[in-house]
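Working notes for the structure below.
The values are calculated or read from the model by the stated rules, or taken from the named source; none is laboratory data. Computed from a predicted model, the values in this text were never measured in an experiment. Note that we place each Cβ from the backbone using ideal geometry, even for glycine, and neighbour counts take in every protein chain shown. Calculation scope for accessible area: heavy atoms of the full protein, side chains included, ligands and nucleic acids excluded. Shrake-Rupley method; radii C 1.70, N 1.55, O 1.52, S 1.80 Å.
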Amino acid sequence: MPTIMVSISGIRGIIGDGLDPQVIVKYVSAYADFIKKGKIVIGRDARVTGEMVKNVTIGTLLAKGFEVIDIGIVPTPTVQYTVKTLQADGGIAITASHNPNEWNALKLLNRTGQFMTPEENVELQEILINSSANIYKPWNEIGRLVEDNSALKKHMNDVLKLKYIDVEKIKARKFKVVADCVNGAGVYVIPELLRKLGCEVVELNCEKTGIFPRLPEPLPENLTETMAVVKREKADLGIVVDPDVDRLVLITDKGEAFGEENTITSMVKFILSKEKGNAAVNLSTTRAVDDVANEYDCKVYRSSVGEANVVKKMKEVNAIIGGEGSGGVILPELHYGRDAMVGIVLILQLLTERNISISELKAEIPAYYISKKKIELKDVNPDTIIEKMLKVYAKEKVNNEDGLKIDFPDHWVHFRKSNTEPIIRIVTESKSQEEANSLSEKYFNEIKELVK
């Protein structure tokens, strides 16, 4: 059965099995009615269906009377940054992120270059429901298309100019780096960025084919070849990005996973060591972030899962650093969006200043271990189960902004329902992997009992 997944950031689906030109026109037209008028930035990742989706998207926006700025194959954060720097009225990143080759998606941005807020998303959904027919401009009022091939270079150069970064010092360290871009948009910028930082770059999966040679989500089980290459090449580290370059995954000099949760923890520690301020992460991000913030008498605030929610919280508390445990780093100094390029320059600066290896850095980070499970619910409302769990644990430290998170002195657990399938996700963190797995199993069995 064809499926379109609708989320706060936009829509995604399988090309030819749900995400077809008619669906694209429908959503882009509603988005145009939401924006009303002006200038829209369009960029896409490298996947082979991107050109088709881009052409349908641009055609629809032109028919609605918009000026469209096509910035080509670029990371999602480049679309976000370009909306901000051009002071455009909106933007669309055409990418299904870490989904396999057959998927594509529209990520919808507001005039600040961020993913639409929950409130804006509600407004867009109302437009979708209430618009009986799309209204397009007459021949003499259609929009115009402008191609801008400079956006990616500007974004990269501005990353290198961040106030925390000393390019010459990093160059002097002469890092050897394995760069795995999964043949995605990262191919067009990551090797060049690393060379500008004086790195010797070993390119892996850096072909401009748009065909992912492995499962594109940068999880350790999908990166065995990359880890082996880092070890074989005696590289200082491995850098892996997902197809749209908003997530950064690191591999140590020993050919081991650095850990995505450790990425955001390291970034928070580095920035707070430079200046005091607040940090913001989501409810499912490691407790290690709180530990490193406490070292500098700084506070960590938590939001619902999702980049738009983290950004909203960052703005509320004026956070100077934020992100998610999936390897997403958000530095407001540049823009409010997860940006792997930002993460890359920060980690190289940190390693340079401390004159340590990335495996030594990993050994310093407070050790926590996360376990993830999911339970399928048949003919049961997930909200009902989460409400029952809330009653069971009402006397504990609970947060029910996004499902249910319970903080215990020695561990935490987060229960979240899926927006697209009848399941509850169970995320547990503790001080050992064995304990985290055991706790996940415990909560899984508790939910099974409640379902009975």
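According to a simple spin-label model (label point 7 Å from Cα along Cα-to-Cβ), what is the distance in nm between residue 167 and residue 421?
Distance between the two pseudo-spin positions: 4.5 nm.
Using a 10 Å cut-off on Cβ atoms, rank the peptides 345-353, 101-109 from the highest mean neighbour count down.
101-109, 345-353
If you restrict to DSSP beta bridges whose two residues both lie in the range 1-153, what percentage is antiparallel, to the nearest 5?
50
Which distance in Å, rounded to a whole number, links the C-alpha centroids of the range 372-448 and the range 197-225?
34
Using a Cα distance threshold of under 20 Å, what count of lysine pairs results for the range 93-237 when pairs must be 8 or more residues apart or interchain?
Close lysine pairs found across the range 93-237: 22.
Which residue, chosen from 394, 444, 167, occupies the Cα position most advanced towards the positive end of the dipole of the chain, where the dipole is computed from +1 (Lys, Arg) and -1 (Asp, Glu) charges on Cβ about the Cα centre?
Positive-end residue among those listed: 167.
Roughly how many Å is it from the Cα centre of the range 288-363 to that of the range 18-78, as a whole number?
Centre-to-centre distance over Cα atoms comes out at 30 Å.
Just subtract the alpha-carbon distance of residue 294 and residue 52 from 0.36 nm times their residue separation and send over the number in nm, one decimal.
Additional length available on full extension: 82.2 nm.
Short version: ³J(HN,Hα) in whole Hz for each residue of the range 54-70, in order, from phi by Karplus 6.51 cos²θ - 1.76 cosθ + 1.60 (θ = phi - 60°), x for Gly and Pro, what are they?
Running phi through 6.51 cos²θ - 1.76 cosθ + 1.60 with θ = phi - 60° gives 4, 5, 5, 5, 5, x, 5, 5, 5, 5, 8, x, 8, 7, 10, 9, 8 Hz.
Run the numbers for residue 214 and residue 395: contour at 0.36 nm per residue of separation, minus the present Cα-Cα distance, in nm.
60.6 nm
Count the DSSP beta bridges whose two residues both fall in the chain, then state the antiparallel fraction as a percent rounded to the nearest 5. Mind showing how you got there, number by number?
Details: 44 of 76 bridges.
Within the chain, antiparallel bridges account for around 60 percent of the total.
Can you work out ³J(HN,Hα) from phi for every residue in the range 11-19, in order, using Karplus 6.51 cos²θ - 1.76 cosθ + 1.60 and θ = phi - 60°, giving whole Hz and x for Gly and Pro?
Coupling constants for the range 11-19: 10, 9, x, 8, 5, x, 9, x, 9 Hz.
For the range 164-172, just list the computed ³J(HN,Hα) in residue order, Karplus coefficients 6.51, -1.76 and 1.60, θ = phi - 60°, integers in Hz, with x standing in for Gly and Pro.
After applying 6.51 cos²θ - 1.76 cosθ + 1.60, I find 7, 9, 10, 4, 5, 5, 5, 4, 5 Hz.
Starting from the Cα of residue 357, move 7 Å in the Cα-to-Cβ direction to define the label point; list residues of the range 222-237 whose amide nitrogen is under 14 Å from there.
Inside the label zone: 230-237.
In whole percent, what relative contact order does the range 84-202 give with Cα contacts below 8 Å and a gap of six or more residues?
Normalised by residue count, the contact order of the range 84-202 is 16 percent.
From the square roots a ≥ b ≥ c of the eigenvalues of the alpha-carbon gyration tensor of the range 1-139, which class results: rounded (a/c under 1.5), prolate (a/b over b/c), or oblate?
Rounded shape, in that the Cα axes give a/c under 1.5.
Which value at 222 nm does the chain reach when only helices count, each DSSP H run of 4 or more adding -39,500 (n - 2.57), with the total divided by all residues and rounded to the nearest 500 deg cm²/dmol?
One gets -11500 deg cm²/dmol as the mean residue ellipticity at 222 nm.
Run the reach check for residue 299 against lysines, Cα to Cα strictly under 21 Å, same-chain hits fewer than 8 apart removed. What comes back?
Output for residue 299: 269, 274, 276, 312, 313, 315, 397, 405.
With the full set of protein chains in place, find how many percent of the accessible area of the chain is carbon and sulfur; take the probe as 1.4 Å. Write out the running numbers ahead of the final one.
On the way: 9430 of 19070 Å².
In the chain, the share of accessible area belonging to carbon and sulfur is 49 percent.
Run through the range 356-424 and list the trypsin sites (Lys or Arg not before Pro) located in a DSSP loop whose Cβ has at most 11 other Cβ atoms within 10 Å. Mind dumping the intermediate values first?
On the way: sites: 362, 372, 373, 374, 378, 388, 391, 395, 397, 405, 416, 417; in loops: 378, 395.
Loop-located and lightly packed - 378, 395.
Relative contact order of the chain, please, whole-number percent, based on alpha carbon pairs below 8 angstrom and at least 6 residues apart.
On the way: 967 pairs, mean separation 54.4, N = 452.
So the answer I get is 12 percent.
Aspartates and glutamates near residue 391 by alpha-carbon distance under 14 Å, same-chain residues fewer than 8 away left out - which ones?
383, 446
Treating only the Cβ of Lys, Arg, Asp and Glu as charged (+1, +1, -1, -1), what charge dipole size does the chain show about its Cα centre? Round to the nearest 20 debye.
Dipole magnitude for the chain comes out near 540 debye.
Quick one: go through the range 360-386 and flag any residue whose amide nitrogen is under 19 Å from the point 7 Å out along the Cα-to-Cβ line of residue 452.
Only 375-381, 385-386 fall inside the zone, counting backbone N under 19 Å.
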